[in-house]
Amino acid sequence: MALLDLDPASGQIKLNPDILGIPAFGDIWKADKTKTKAKAMKEITYVFMMCDFNSPYYAYPEYRRKKEVARDILGDEESKIETRLLEGMKKYKEFQQTPSMYLLEKTKTAIYKMADYFETIDFKQVDDTGRPVYNAKDVAANLEKVGKIIESYDKVEEKVKKEVKSESKIRGGGSEGLYER
């Protein structure tokens, strides 16, 4: 059962009413005292865009995703993220994440750190003894390995996409009943 879904036609988040029975999301809903619940929907959309594997923002590294989603959804990239949103994100990730998703997320983080490493290389930099900090031969060897790392990442990403696409996948390995939609 999907708790949240992105309606491709309108670009809006659709809520399954059952989500409000989950304390983390019920708290977001109850905190908005207005009739329209516009703030609650905005905050739940924030949770979805930050955490869902199919979110268009999921391609960003997490530090950048936080700023982009806060700016685009909440209207300010410097928005203080309330505890109830952090709880909602934690719960959403818990419900969605499979072992391969977890591996993919950690691999993606490592790839971004590796890119940052390559970006900071300065062949003119020397240590206290006057020896170069970066050796061109070592850097070239590491660059050769990047292709293999990307291939591995792509394989895991493809597996995760298949998991997400599989509509009959139910946590625990069960299968969906005939009238469970």
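Looking at Gly26 and the list (1) over 24 Å from Glu77 (Cα atoms); (2) in contact (Cβ under 8 Å) with a residue 60 or more places away in the chain, which single condition is not satisfied?
For Gly26, the failing item is (2).
Which condition from (1) loosely packed, with under 13 Cβ neighbours inside 10 Å; (2) touching a residue at least 12 places away in the same chain (Cβ under 8 Å) is the one that Thr83 breaks?
It is condition (2) that Thr83 fails.
Taking region 98-107 as the region of interest, how many residues are surrounded by 15 or more Cβ atoms within 10 Å (Cβ to Cβ), within 12 Å of the chain's Cα centre (by Cα) and not aliphatic (A, V, I, L, M)?
1
With the condition kept exactly as written, say whether any residue in region 130-145 is within 27 Å of Ala40 (Cα to Cα), over 15 Å from the mean Cα position of the chain (by Cα), at pLDDT 90 or above and of a type in the set (D, E, K, R).
No, region 130-145 contains no residue that is within 27 Å of Ala40 (Cα to Cα), over 15 Å from the mean Cα position of the chain (by Cα), at pLDDT 90 or above and of a type in the set (D, E, K, R).
The values are calculated or read from the model by the stated rules, or taken from the named source; none is laboratory data. Values in this document were obtained by computation on a predicted structure and should not be read as measured data. Please note: Cβ atoms are built from the backbone with ideal geometry, for glycine as well, and neighbour counts cover all protein chains shown.
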